[in-house]
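Asker: This is the structure, below, for whatever I ask next.
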Amino acid sequence: MDDHAADEHAVDEHAVDDHAKGRIISDAPLSRPVPVSLRFDADRSPETVRFGFPGDIEWSFPRTLLETGLRTPTRRGDIGVWPCGRVQTVVEFHTADGVAVVQFDTSALLRFLRHTYAASTSLTTH
């Protein structure tokens, strides 16, 4: 491995870019699946997670909001997170145009959080 490749890896271990399938919940009879990028960058903003949606839409919010919302309903500003049954979590995004409600498998969000903890830990151990 050359030095340049080692440097790129060192930067990458502090960032997380996971992918999950969310389901847009609406009053339509069927929910629509949507790909979501789950991002975290310990160097740039160690307390913030970012959810990216198609159309270059991105929401940033505190990682603690996501952590708490997996266990109990919580809200901060325009974003709410709450458990939905035993295996689903709902994230609600408010805008001037309305509300988007997206349901995720809780396991995907827990996996993402584990990856963010690992990225944070690698930042403090280097």
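Asker: I need to check one value: relative contact order of the chain, counting alpha carbon pairs closer than 8 Å and at least 6 residues apart, in percent.
Answerer: Numbers: 211 pairs, mean separation 27.8, N = 126.
Here the relative contact order equals 22 percent.
Asker: At 222 nm, what helix-only mean residue ellipticity would the chain give, in deg cm²/dmol to the nearest 500, using -39500 (n - 2.57) for each DSSP H run of four or more? Write out the running numbers ahead of the final one.
Answerer: On the way: 3 runs with 36 residues, N = 126.
After summing the helix terms and dividing by residue count, I get -9000 deg cm²/dmol.
Asker: Per 5 Å bin from zero, what fraction in whole % of the C-alpha pairs of the chain is there, up to the bin with the longest pair?
Answerer: Going out from 0 Å in 5 Å bins, the chain shows 2, 10, 19, 23, 19, 11, 7, 4, 3, 1, 0 percent.
Asker: Solvent-accessible area per residue for the chain at a 1.4 Å probe radius, Å²? Let's see the in-between values first.
Answerer: Numbers: 7650 Å² over 126 residues.
Accessible surface, normalised per residue, equals 61 Å².
Asker: What's the extension gain from Glu47 to Ala28 if we count 0.36 nm per residue and subtract their Cα-Cα distance?
Answerer: Numbers: separation 19, 0.36 × 19 = 6.84 nm, distance 3.53 nm.
Length gained, Glu47 through Ala28: 3.3 nm.
Asker: Also: Could you work out how far the C-alpha centroid of region 11-75 sits from that of region 76-113, in angstrom?
Answerer: 8
Asker: Probe radius 1.4 Å, ligands and nucleic acids ignored: give me the carbon and sulfur share of the accessible area of the chain as a rounded percent.
Answerer: On the way: 4060 of 7650 Å².
The computed percentage sits at 53.
Asker: May I pose another question? Each residue of region 41-53 in order: what ³J(HN,Hα) in whole Hz does its phi give by Karplus 6.51 cos²θ - 1.76 cosθ + 1.60, θ = phi - 60°, with x for Gly and Pro?
Answerer: 3J(HN,Hα) across region 41-53, in whole Hz: 9, 5, 6, 7, 7, x, 10, 10, 10, 10, 10, x, 10.
The values are calculated or read from the model by the stated rules, or taken from the named source; none is laboratory data. Just so you know, these numbers come straight off a predicted model, no measurement behind them. For accessibility, only protein heavy atoms count, side chains too; no ligands or nucleic acids. Shrake-Rupley method; radii C 1.70, N 1.55, O 1.52, S 1.80 Å.
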